[in-house]
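FYI, it's all coordinate maths here, none of it is from the lab. Keep in mind that what you see is a predicted model, and the values were worked out from it rather than measured. We place every Cβ from the backbone using ideal geometry, glycine too, and count neighbours over all the protein chains shown.
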Amino acid sequence: EDKVVQSPLSLVVHEGDTVTLNCSYEVTNFRSLLWYKQEKKAPTFLFMLTSSGIEKKSGRLSSILDKKELFSILNITATQTGDSAIYLCAVYPGNQFYFGTGTSLTVIP
Amino acid sequence: NAGVMQNPRHLVRRRGQEARLRCSPMKGHSHVYWYRQLPEEGLKFMVYLQKENIIDESGMPKERFSAEFPKEGPSILRIQQVVRGDSAAYFCASSPREFQPQHFGDGTRLSIL
């Protein structure tokens, strides 16, 4: 059965800290991995990764994929309170997206 | 440029009633996905539709649940004879093509009394 596992389940850090969120997967016919940020409402798209070793970067957020070891990481540097959210990882093997349960990040001032 | 629109935002039903959840995808998007999210859990895929076609409904219970995406109008997720266990947030997402990132609506929170 295809599955996506995220760790840690939750994380509490102070503003300014750097965090690394993990996503490992087991799917057949991997096509892409996506990261989303979910605050109170709709998940918002962050990154889509299809190739190993190529870092995607947007401001303080960056992500990279390792297709050999079947995982991805999401890094957030110089965290701010506005980064507090649930970060979701999803894997697309074709036809449907499989989501992990997410990592709940809390950034305290 | 409106995003994915879901309505209602909150829906309260009594056990045995029907619930209809609507989703209008982003302009230009012909692929629609429905997900269910329970507290402390991730998004669970339910069904994937393109215009007038169900592509994959493997995540949707075979009884009481149905979905459609007609040629005109929004996609509808219909739950008949609701039970307490149907209480959840139901999210709709759309994409312009297969294999493209999805854009999510704000969800419909369904509560069953």
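Dipole check for chain B: with +1 at the C-beta of Lys and Arg, -1 at the C-beta of Asp and Glu, and the Cα centre as origin, the magnitude is about 400 Debye. Averaged over the residues of peptide B:35-42, the number of Cβ atoms from other protein chains lying within 10 Å of each residue's Cβ is 4.
Based on the Cβ-Cβ distance from B:Glu72 to B:Leu113, what FRET efficiency comes out when R0 is 35 Å, to the nearest 0.05? Result of the calculation: an efficiency of 0.55. For chain B, the longest piece that avoids every one of the trypsin sites (Lys or Arg not before Pro) found in DSSP loops with at most 11 other C-beta atoms within 10 Å covers B:28-61. Only the Cβ atoms of Lys and Arg (+1) and of Asp and Glu (-1) were treated as charged; on that basis the dipole of the protein assembly as shown about its Cα centre amounts to roughly 740 debye.
Each Lys or Arg adds one and each Asp or Glu subtracts one; over the other residues with Cβ under 12 Å from the Cβ of B:His29, this totals +2. With a ≥ b ≥ c taken as the square roots of the eigenvalues of the C-alpha gyration tensor of chain B, please select rounded if a/c is under 1.5 and otherwise prolate if a/b is larger than b/c or oblate if it is not? Taking the square roots of the gyration eigenvalues as a ≥ b ≥ c, chain B is prolate.
For the stretch B:1-60, the set of GluC sites (Glu not before Pro) satisfying both a DSSP loop assignment and a count of at most 15 other C-beta atoms within 10 Å is given as B:Glu18, B:Glu40, B:Glu41, B:Glu52.
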